[in-house]
1. Could you identify the residue of A sitting closest to the A-B rotation axis by Cβ and state that distance rounded to whole angstrom?
2. Could you work out, residue by residue across A:194-205, how many beta carbons of other chains sit within 10 Å of that residue's beta carbon, and then give the average as an integer?
3. Convex hull over the alpha-carbon atoms of the range A:1-61: what's its volume per residue in Å³?
4. Tell me the volume per residue, in Å³, of the convex hull enclosing the alpha carbons of the range B:8-146.
5. Please state, rounded to one decimal and in Å, the Kirkwood hydrodynamic radius that the range B:140-205 gives when every pair of distinct Cα atoms enters the mean of 1/r.
6. For the range A:145-223 and the range A:1-51, compute the distance between their C-alpha centroids and round to whole Å.
7. Within the range A:39-56, whose backbone N sits under 18 Å from a point 7 Å along Cα→Cβ of A:Gln81?
8. For A:Ser72 and A:Gln169 in one chain, what is 0.36 nm times their gap in residues minus the Cα-Cα distance, to one decimal in nm?
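Laboratory data are not the source of any read-out in this text; all were calculated from the coordinates shown. Just so you know, these numbers come straight off a predicted model, no measurement behind them. Methodologically, a virtual Cβ is constructed for each residue, glycine included, from the backbone with ideal geometry; neighbour enumeration extends over all protein chains shown.
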2 protein chains.
Amino acid sequence: MPSYKAPVADALFLLNDVLHFERYGNMPGFADVSPDVLEQVLGEAAKLCEEVLQPLNQAGDRQGCVRHDDASVTTPKGFKQAYDAFAAGGWIGLPIPPEYDGQGLPYTLSALMNEFASSANMAFAMYTGLTQGALAALLRHGSDEQKRLFAPNMAAGRWTGTMNLTEPQCGTDLGLLTTKATPQADGSYAITGQKIFISAGEHDLAENIIHLVLARIEGAPLGVKGISLFIVPKTNVGPDGSLCERNKVACGSLEHKMGIHGNATCVMNFDGAKGFLIGEPNKGLSAMFVMMNEARLGVAIQGLAQSEVAYQNARDYAKERLQGRSLSGPKTPGKPADPIIVHPDVRRTLLEIKAFNEAARGLVLSAALDSDVAHRSGDAAARQAADDRLGLLTPVLKGVLTDIGFENTVKAQQVFGGHGYVGEWGMEQFVRDARIAMIYEGANGIQALDLVARKLPKDGGRAAMAFFNEVNDFIAREGAGPEMQPYADAVKAALGDLQKATVWLMQNALAKPDNAGAASYDYMHLFGLVALGYVWLKIAKAALEKKARGDGVAAGMDAKLATGKFFMERMLPETSLRLARIVAGADTMMSLPAEMF
Amino acid sequence: MPSYKAPVADALFLLNDVLHFERYGNMPGFADVSPDVLEQVLGEAAKLCEEVLQPLNQAGDRQGCVRHDDASVTTPKGFKQAYDAFAAGGWIGLPIPPEYDGQGLPYTLSALMNEFASSANMAFAMYTGLTQGALAALLRHGSDEQKRLFAPNMAAGRWTGTMNLTEPQCGTDLGLLTTKATPQADGSYAITGQKIFISAGEHDLAENIIHLVLARIEGAPLGVKGISLFIVPKTNVGPDGSLCERNKVACGSLEHKMGIHGNATCVMNFDGAKGFLIGEPNKGLSAMFVMMNEARLGVAIQGLAQSEVAYQNARDYAKERLQGRSLSGPKTPGKPADPIIVHPDVRRTLLEIKAFNEAARGLVLSAALDSDVAHRSGDAAARQAADDRLGLLTPVLKGVLTDIGFENTVKAQQVFGGHGYVGEWGMEQFVRDARIAMIYEGANGIQALDLVARKLPKDGGRAAMAFFNEVNDFIAREGAGPEMQPYADAVKAALGDLQKATVWLMQNALAKPDNAGAASYDYMHLFGLVALGYVWLKIAKAALEKKARGDGVAAGMDAKLATGKFFMERMLPETSLRLARIVAGADTMMSLPAEMF
């Protein structure tokens, strides 16, 4: 049976020592979070995830969800009780303003809870995560009346949320969507069409489900400029929030998937369902993007979360499994063999995962803080800078953390040998669950294109330049001295590769957009490596400071420094390979006629 | 529904134009294989795989195998008829000498059939592939009487074979095995113990199952020097080959696995089962290694096979799926969107797979020819050289082809977006099936260790030096001229990285073996890249020659040249990253105490 312990100590180190959480104390919701409160909140989050969600994960995978003839869906045994506990703890509404019955706490804490919950039970955490995404879109673009009616019920978990974008003929290219919205006399719309791959589309966890649906109002322009966003409740809601008659929307079938079996992935049929426009007609895409951006960060967190739980289990197994002897002579001569953690290649495997996880968590928390600053800071310049950086890094985090997160589940599985391939130890489930994160909320190739074609050139490259300057400034300010310099030199070289790649794109992509497309995936990963390296640089500084203060944590800080060194020596050099691929350009790949593939 | 077409034309190009199959005509079994016969044999192999095996693959995954209360096992619907057709076609005994009722044809053809069959239905192909592996061990180490009794029945497919190594406490480290062999008065042994992860351990395809079992004769030395190899038939066999009473061996349960559901992976219980020693007592490991070496090449082929079938389906989907517009302007303006193969990043994905597949196939065929030469050539020097190269490259092929093969199934799945994650299109099955190949027959970390610790230093490095010289000579002889030079220069640089890494190992691993372990995985992949690059160099030469002869295949050869160029520009540069990791050494990874992971 797999196990899980939430990395509370690492999260506290990152928040307190690396990211200086206390500096944000002047923002709404932050003042209440003293170091003690922070530790207490994370402790409670850990407890719920470890004791309630995680024990349901493996059984949830085996049972899956069941659709009945009346189109209702039953989730795996225990999910309903776990959901009630999650909702009762206030975790869904944690970052939602108190006026909508939320706790008004930092989104950063919510991001951490999402990591813990996704490690413990990813299929489960999607039900609550999607509700949070739908809430974000509703609070930004909904009318006051819509917010009043829906937000408190969603924040409390009585109702859940979904996002309905994909149709059989329409995935990445939302311009192709055909779901139709017909204006009704009462100001509502009748929504008709079919949506597929709808996560949490139907279930038995909550009293109602609030679908956010992209559809085309009759007569609207073709393409993405004719798309509007609608609220379509599963059960219609009276002005006082009471549940009325069932709406004309139903789950047609459940998809049979590789993983996340505990989450109901539905084909949703809308047969003239009553819908309410959110925001302006034909501006649905930008409203939905609020939800998608939050969801993309949430998916990045899933990549980290699966990597973390897979790591923990592989590490424990490597310390227990006796097989073979150390190359440098027996380490446990009294036993029939040494634990496999003595083998360098097992250590290499584990360290590749560990060195990613700790930096990725730092990156997620930094992005989450940016999100808090962008929405809550009283300083307009700070808001703008945070928003710039968050926009730039969101596709990087989504693409890179889910790609590497998945690879890490495969590596962790490998540590188990044949025992990793059978269901018993749970490792193969992590692989199957993690795989979806590379696909949904915009496949990673789309994230890469978003980065090179939209986020990079935006505002004359302002966000990218600011990020490069930030890293360079940190190196200049903190990178000197024998202890920091090895880390700083490595990041400087990596940043140099990223800047060369950026210049190459500026010089070669404008005249020939295929060069941008051909470079995009490697550029995204190059960017991710630099961002992760930058976090390691900040971790190294914090670890050295903590050691210098001598507060009895030297062993832990030495481990941080060694892990960071491993990252610099063995992982960050990948930037030069990424650069070489980028400057190879698009010519060769475009030269092959389609029929010769 | 996924589809599959066996790559017969590519195989013929590799055999005839790149590897000069006709030059081997003086060896037993090769004389009969004229170009026409070759084409005909491959055509028949293709037909069986495409029309009989492939249609059973997806249903076989869904049904899986079922164990009944009497310990019998039923394979998925249709497997028995397919097996009978496979056996009746003479495919199992294809490379077996005619004296044992085989066809005596080249093993090289058998390797190609194994690729086609593993693409079409990997779970199925394991039943026949394991029989071939058991046959190889039997023919090499069995007594004349054992060969007479078992080989013809196995070659004809009436009986199948298995290999029984793993026990719960004993995987990689075979020295830990405890299955016991007690000598009996009649010269046989009573075998007692439990084996796990036994592929094809029990099924309903054949009349009998011949288990090859590693066990320890009572009183034998501890460790690997006390292991012997036994034949343990499922049903005992009379001296005339007639089936007698059931032996005391039975399937205790089936493993629940990530993939290859159509193959019965069994826990096998031996309760004093009658067994017959193969070869000498306590020399079982070397006898089993014959089987394992053949099996390792077979597993390498599975990696390629899953990569190939996943590629074909992704390519077809990319040509059909309409989504978005080309970055350089619409390519099919009359349709609602362009096929996604217009997008550079989709092409990059497909070309990474294609550039691997075509070179990997060349590498497999080259190794298979080495195996034929090593066993059939009349020239002792040629036999030795082929055996050297095969021994050196076997761990490289097993490790690299299964690692990249798996990654490629993931990439191919990604081309489908959400449709790749659901079962319908079959892509997620390829991922799940391909995953096992990285694990069984020696996990890839063990292959890497076999390469650096055993194969590389063997005979004073003779095999490695010969390989480096061979590549260098080819570059010197064929690498000049404007057409060949770009390919030759790239391979030369890559070979330089490999030689630097080899020198580093020589200088740093002897005094500190952990440096070898820490370098092993990267060294294996570095070696694989050079070997694949070398094949591309040979393909480029053959393609240019074919174009120069003007025999109407220019488009196909241009595609080869472009694909090879893509490999040189975007994939081979990875050698420098691998070298950088290798020379980073073991110090950092060994510095972390186990409890700090």
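1. A:Leu577, 2
2. 1
3. Residue-normalised Cα hull volume stands at 100 Å³.
4. Cα convex hull per residue, to the nearest whole number: 124 Å³.
5. By the Kirkwood definition, the hydrodynamic radius is 14.2 Å.
6. The range A:145-223 and the range A:1-51 have Cα centres separated by 34 Å.
7. A:47-56
8. Extra length available between A:Ser72 and A:Gln169 comes to 32.3 nm.
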